[in-house]
Each structure stands twice: as C-alpha cells, then as structure tokens.
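Note sheet for the following structure.
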Amino acid sequence: MAQGVHSGQRGFLDFSPTRRDYKDKENDVPVLSLIQFSKAPFVTFGSVKLGTSKSAVLRIENPTEYAAAEVSVDKIPSSKGFSVDFGPCFQPGGSFTLVVTWTPTEEGGIRELIVLNASGVLKHQAVLLGRAEAPKRKKKTLWDTIKSKREGEKMTTLRRKVEAYLAGRQMRRGYLEKKAASITLQAAFRGMRVRAELKKKHQAATVIQALARMFLCRKRYLLLHSAAIVIQSRYRALLLCRVQLNEFRKLKQATVKIQAVFRGFRERRDLKRQHKASRAIQAHFRMHRMRVAYLALKCASIIIQERYRAKRLMVQQMQSYRTMKHAVIVIQAAYRGHKARRKIANMHQAASVIQRKFLAIRDRKNFLAVRVAVLACQQRYRAVTLARKARLDYLSKRRAVVCLQAAYRGYVVRKRLCIEHMAAVTIQSQYRMYQQKNNYKRLCWAATVLQTRYRANKKMRAEVHALSVKKNAAVVLQAAFRGMKLRQMIKQKHQAASVIQRAYRAHCEHREYLTLKSSVLTLQRRYRASVAAKKQLQTYQKLHRAAVVLQAAYRGQQVRQEVAHWHQAATVIQSAFRKHREVVKFQAMRLSAIIIQRRYQAHVLQRHSMHRAATVIQANFRRYKLQSEFRRQRWATCVLQQRFRAQRTRNLVVKHYQEVRKAAIILQAAYRGMKSRQMIKQKHQAASVIQRTYRAHCEHREYLTLKSSVLTVQRRYRASVAAKKQLQTYQKLLRHWLARRHKAATVIQQAVWKFLLLRRQKRVQQGILKAQALWRGHCSRRLNDNPKIVKLRHRLRVVTASVREEDKLCNKTSSALDYLLRYKHFSYILEALKNLETATRLSPECCERLVESGATNVIFTLIRCCNRSVPCMDVITFSIQILLNLSKYHKTIEAVYSVENSVETLLDLLQRYREKAGDKVAEKGGSIFTKACFLLALLLQDKQRTEEVKKLPKVLDRIHSIYRLTARKHKMDTERTIIKQKMSASINGSFFVPVTFLFSFRFAPDWVLRRDKLKDIVDPLRAIQMVANTLSIVL
C-alpha cells in the first residue's frame, strides 16, 4: 500500500528507489541520474598529449514522470582546460548527452569534479579523470625491439580479459532483468491487496451511512409532526384572543371618552378661578415695577451728568501729559548723544597714545622698550579707573531718573484707569436707561393684554351660567351611565378570568413544549457528537496516511543507501581489479627489465655508463610504482572505514525506527479502542435518555389531565369569591385615582403657564437684543466704513455665494475621516488632520462625529508612530490640537481619556519634546510641549481621573523631572529677557515687569463666544505648573 501511494505522488524530489535502464552499459557511457543520492559517474579521458584536445561523453537522464528538469553547470575546472556543451532543459523521462572537452595545460595526472545544478534544487557531481603526456621523439633502441617482441603476448592477455568482462556483464544484465520483474510482481500484488481492503471498507461505510440517514429522516419527520400540532393549537388560541381583545378595546374607548368630558369641565372651572387671582397679582406687581423704574431712571441721569464733566477734565490732563512726555524724551536723547560722543573722543585719544608708544618701542632698545611698556600700563590703569568712576556716576543718575519715570508713569496709569472706570459707569447707566425704557413698553403691552382678557372673562361668565343648567342634566345621565358601566365591568372581570385561565393553559402547554424541546436538544447533541467523532476519525485517517507516506519515504531512503553501498562496493572491486591489472603490468615490465639487464650485462664492460642509466631508470620506476600502490591502498582503507561507519550508523537508525514504529502502533491501537468504547457508551447513554424522556412524557400527560380538572373546579369557586372583593377594591381605587389625576392636571397646567410665560419673555428679549445688534452694526458701519471695508464686504458676499457643497464643514469632516481611516500616505494624513482641526475647532457636531467614528484611537496611534522629524512634528501638532478641541467639549472629553494608554502617550510627548519647551509661541498657539501639558491638565479636571493617573507607576517622578528642566530653561530665558529690557530701557526709557500667573479652568470651545472665556496657554512653565496643580503635586 505504501508503494502504491508513493508511486502516485513521486516527483522530482523522490526518496524511493527508481528503476535504472542498463542497456547503455553496453556502450560504456557514464550515466548521471537526476535523483537524490545518485552515484557520481567517472568520465575518463585516458592519456592526452599536450597541445591536443579530447572529448568525452556524459549521459544525463531524468527518470521522473512529472517534473521537467533544467540543468546548469554550477562549477567546472576551466583553469585546467575543461569545457562543456549542453542543452539546458528536457522533459520528464528524457535524457541528453553532455560533451566534455579537455585541452591539457600541463603534464601529469588529473582528478577534478564538475558540479551540475538541477532546477536550482539538487546538485550532482561527475568525476573527471585523465593524464597529460608530453610528446616524445623516440629512437630505435634495444628496448623497442624487446617491446615489439612482447606485444603479441600482451594482446592475447588483453583479449582474454575482455572476453571475461563481457561474460560478466551479460550475467549482470540477466540478474537485473530478473530483479526488475520481481519488483513489478510485488508492486502488483500489494496494490491488489490494498484495493480489496479499500473495497471492504467502502461497503461497510455505505451500510453505516444508510442507517444513519434513515435515523435522521425519521427523527426529522417526528419533529415536524409535533411542531405542526403545536402550531395549530397556538393559532386557534390566537384567533380566540383577537376576538375578545377587540371587544375589550371598544368598551375601553367608550369609558375613556366619558371620563375626558367630565375632566375637561372640571379643569375649565379651576382655570377660571386661577385666572382671576393672577390678574390681581399682575396689577399690583406692574405698579411696583413702574415706580422702581422711574427712580432708577432719575438716578441714572444724575450719574451721566457727573461722568460727562469728568470726561472733559480727563481730555485736558491727557494733552498736558503728552506735551510733558515729549519734552522729557527730547532731553534724554540729547543727554545720551552727548555721553556717547564724549566716550568716542576718549577712545580715539587712547588709540592715538597707544599708536605713538608702539612706534617708539619698535625703534628703541630692550631696556627702553620695557620702560615704555610699564608707562603704557600705568596710563591704561589710570584711564580704566577714571572710566569706572564715570560709569558709577552715570548709573546713580540713571537710577534716579528711572525712579522718577516709574513714579510718574504709575500716577498717569492710575489716573487713566480712574477715567476709564468713570466712562464704563456712564455706559452702564445709558444701557440701564434703555433697558428700563423697554420694560416700560413691555408693561404697556401687558396692560392691553389684561384688558382684553378681562372682557373675554366677563363674556365667559354668562356662558358658564348657561352651562350649569346643562350640567344638572348631565349628572342624571352620568348616574345612569355609571350603573351600566358597573354591570359591564362585572362582565369584563368574568371575561378576564376566562383570559387568565386560557393563559394558564397556554403556560402548561408551553412547559410541555419546553420538555419536548430539551429532549430534542439532547438528541441533537448526541448527533453532533457522532458527527464530531466522524470528523476525528477522518483526521486520524489523514494522520495514518501521512505516517504511511513518511514510512515509505524512510524505507526508500534506506534502499537508496543500500544501493549506494553496493555502488561503493563495486567501486572497491573495480579499484582492486585495476590494481591487479597494474600489478600484472608491473611484473611484465619487471620481467622485461630483467631480460634487459641480462642482455645488458654482456656489454657491462663496454658500456659502463649505460649500466648506470638503466639502474637509475629502474630505481625511479620502482619508486613510482610503490607510491602509486601506497596511494591506492590508502584510498581503499579510507573507503572501507567510511562504509563501516555508515553501516554502523544505519543499524542504529533502523533500530530506533523499529522502536518508534512499535510505540506508534501501540498508541494507535489504544486510541482506536478508546474511541470505539466512547462511541458505544455514548450510544447507550442516548438510548437511555430517549427512553426516560418518553416515559416521563407519558406520565406527565396523565398528570396534566387530572390537574386540569381539579384546577377548573377551584377556579370557578375562587372567581365567585374574588369577584365581590375586587368590585369593592375597584371602587376605592377609582375614587383615589380620580383625585390624583385632578391634582396632576393642576400641576401640569401651572408648569405649562410658567413655561409659556418664560418662553414669551425670552423671545421678546432676543428680539430686543437682535434689534440692538442691528442698530449698533448700522451705526458702526456708518461711522467706520471706508472703500477698503466696503470692498472686503463685497468680496465676502461673492465668496459666500460661490461656496460649493464639498466646502461645507460637514462634508470636509467626512472626507477627512475617510482619508484618516483608509489611506496610509503621509500627505493624505496631514491634509486630513488639518481639516479635522478646523472642523473640531468650529463645530460641536463635528467633534461628536469624530468620536463616533473611532478616529481618536487612530490619532493616538499616529502620535506613537511619529519621530522627531519636521513632517512628524507637524502631524503631532495637528493631532494634539484636535485632541485639545475635543477635550474642551464636555461631551467628547471622556472619549479622549478612555483611549488605551492615552496618559502614557502624553507623558512620552512631554519627555520627548522637553528640550523645545522654551518656545514661547509657535504656530497656532504654542509648542508641542505646551499643548500636551494643556491637554493633560484638561483631561485631569475630574477627581476620579486624577486619582487613576496618580496610581500609575512613576507619573509623579516624571512630571517632577520635566518641571525642573522647564523651570531652569524658563529662569534662563527670564534673565536674558530682563537683561535685554534693561538695555532697551537705557535707550528708550521703558521697562517691563514679568506677570505672575493665576490659574483658572474657565476654558471653553472656540465656538463659544463669551467674554470670560480664557485663551489657550502658550507659556511652557505655566502649562507644566497647571499639570502639577491639577495632580496636587508640591513643586
């Protein structure tokens, strides 16, 4: 089964052994198979003369059936003279011939590797063997004669060896054919056995599926049948309920109509009394208000006269102050110019003296030079002493002048404040006069309204008298109607009792339905458990198939290793055979040398020098043969050691695999047994539950029949007893309810009258304010209009008329939110933040919309992802400004605080940009540090939030460290500012005193136009102090 599964999935990376075709062995061409763990072929060139080329053929096969192979040369010893000619790609099952050409560059034997890459996955090697010989010119010698005589013997020996080799190859071919046939028969038999087992399993699965489907269909039919019965009973009960409900609604409508007529009559009577009392109260109140208004108007006219006289006196004093100030400035300018000119003259004089002394020193000798230098130092010291005295004199005079200026300026400022206060009092009196005048007009209008109401009331009294006559007749009719209503009510209660009985029966049926439902749910759970068991079985089968595939791969790997061992053994046999052949050649050469020595010894006396040469040749040849034999023996020893170690490793791996396989088989058997026992147990439990449910259903149905009969008797008796009690209780409740309703109607009418009066007063006040604003605007335009303002107003009208739909604030907000939530490009995000900053600054609806879209989380994420670059600082600035606008609005501040890690993010911003906290004013209200402090202070106005932030780790320490750095930078800036102001005060005579800040949290959104609204904080020290005060930190 494993071989069948694996043979269908075999691709290029195949781990199973493949069949090799040995028919190319006849041509003795080396073959390279593109599978893993294939043996490296030997490409032999033999002996090649220097200066000539020789080509050898390497056949490359692709034994796979599905994957095409693309072969490339990864490494070739081109420095040794090798080159290739090949085709890059061939189809599955194909082959091609690689031609390797060798042009030797130096003499001697060579053994190199050529590396081929198959489809970028596998690398294969081929061994290149050859020997380069230098061409020699030989003369006819005794050695040639002996060699020609022995040539026949060598050819005979070689022929015998070739025949023996051909016979061995024929036997090898027969053995391989028999092996391939046996493998085919084994694969066919295993496939037949696996197919038979699969067929049996399919038949068993078909029987199980048929039984399961039959059970499911029957269960579904029973459920549908019971559901249809329940639906029919519910539908019949619904029809009967609708008929009775319609009758009850008709009776209720008639009752409500009669009650409404009676309540309307009673409310109109009470309203008449209240109107009469309110008229008397209004008359006395208006008289009192008119007298108070007259007295206030008289007092205001007196104050206006006093303020006007003070204004004229202020103008005269301001003119005299301006002339005096101009004179003082001229005197100061002249004095400072005189001091500067005198100082420049002294410096010119000193420079002339230094120049003269320097020229004299250059022309005199060393002694005179030292003497002149001492004199120059003395003169310089005296000049410095004089300059210091003059500086002290100037500073004392300057202090006196500054004190005089400060005293005079204080006097002028206090006087100006007094005049402005008088002017404000005058304006207030004029406004109060105007307000009292409007109140008087309003009172005249109210008197007119009261007169019309009185006349209408007088007419209404006559109509009420006529109505009282009709009322007596209505009382008689109501008494008759109430009797009828009482009888109807008794009938209605009887019907209500019937409704209650039906409801109780429905409740019993519903409880029965719930029991059936629970049994159905139990069956569904059992069925779902069986489905889950099937899924687990399928999962186990998949795991089993995967294990089989892994086992097949491992066995294929083992077989390939065994084949590789065979190849290596064949290589050893070939090397031994070659060694034997070389030994035979050596013995033949040795015999030839002995013959040569014998022939040569006859001429030893004549040619002593030739004897020495032959001895040297023999010695070198023997050395070469011994070295070659030693190298071969060493190589064979290394190969045997590698094979022994590989065999030992293989034995260990096979033993471990067998142990793992036994353990896996034991686990599989235990798991299957457990699952089968669980399935049988579940089936037994399901059958027991079904039986118990059916028995309980039968007993419950009998119990319900008995119970319904007993309850019917009890209900009839209890209904007759309770009807009498309910009638008495209902009469008491009806009286109490009518009294409470009358009282509630009185309270509602009073509230409505008060509301209408306040709304009318508010409308009148708004109209007055609007008229005042229009009149002030008209007066301001008439006094201050010029061509530029008129042109600007015209341009504003044109721009307003040409506004497009997408320029509206709501549409800009929608597009900005879309860009912010969808796009990731930096320019889109920056443009979206600019639009959102404008929208949240001008509209509360845009703030609420931004919070609902969830953009606050995105804004905090943007702040965390930004660095200290200029574009990122722009993004942070706009983001903080948006959060500030949201925090100023009481409906959206909670959304800003509730973002995860919002306080930690703001503290990180303070820590990151604390070096730039000295920027007093930046674009749109301050630096990032200042805005982050202001935002943190706004978020922590709530005491509960403040306590939560205090519990965070290291928050107070971080704010302490930030405050220390900011205070130090602010102190340095203040000192520099004071020095600059002192320097400027010495020039223009003015000095600025720093302001002490008082903290207050009367901040409001920018769309709120109110005088007491504070502006945003732009000073870093004030901002961090506000945060510290909010957290109650002692700095």
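Checking each residue in the range 204-237 for being over 54 Å from the mean Cα position of the chain (by Cα) and surrounded by fewer than 11 Cβ atoms within 10 Å (Cβ to Cβ) picks out I229, Q232, R236. Among the residues in the range 654-665, are any surrounded by 12 or more Cβ atoms within 10 Å (Cβ to Cβ), among the hydrophobic types (A, V, I, L, M, F, W, C) and either closer than 30 Å to S518 by Cβ or free of Cβ contacts under 8 Å to residues at least 24 places away in the same chain (or both)? No. Of the residues A126, A132, A67, the single one that is modelled with pLDDT under 80 and either within 20 Å of F45 (Cα to Cα) or not in a strand (DSSP E or B) (or both) is A67.
Counting only helices (runs of 4 or more DSSP H) that fall entirely inside the range 786-873 and contain at least 3 residues that are in contact (Cβ under 8 Å) with a residue 12 or more places away in the chain and touching a Pro at 6+ places or on another chain (Cβ under 8 Å), the qualifying elements are 826-842.
Rundown of residues vs (1) under 30 Å from K441 (Cα atoms); (2) of a type in the set (A, V, I, L, M, F, W, C), yes/no style:
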| position | (1), (2) |
| --- | --- |
| R695 | no, no |
| K707 | no, no |
| Q714 | no, no |
| Y717 | no, no |
| L738 | no, yes |
| A771 | yes, yes |
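Only one entry in A532, A552 is open to solvent by less than 60 Å² (accessible area, probe 1.4 Å), over 29 Å from H700 (Cα atoms) and in contact (Cβ under 8 Å) with a residue 60 or more places away in the chain, namely A552. The numbered conditions (1) over 30 Å from L486 (Cβ atoms); (2) open to solvent by 80 Å² or more (accessible area, probe 1.4 Å); (3) modelled with pLDDT under 80 are all true for S709 except (2).
The values are calculated or read from the model by the stated rules, or taken from the named source; none is laboratory data. None of the values given here were measured: they were computed from a predicted structure. Ideal geometry is used to build each Cβ from the backbone, glycine not excepted, and the neighbour counts take in all protein chains shown. Note: accessible area is taken over every heavy atom of the protein model, side chains too, but ligands, DNA and RNA are not part of it. Shrake-Rupley method; radii C 1.70, N 1.55, O 1.52, S 1.80 Å.
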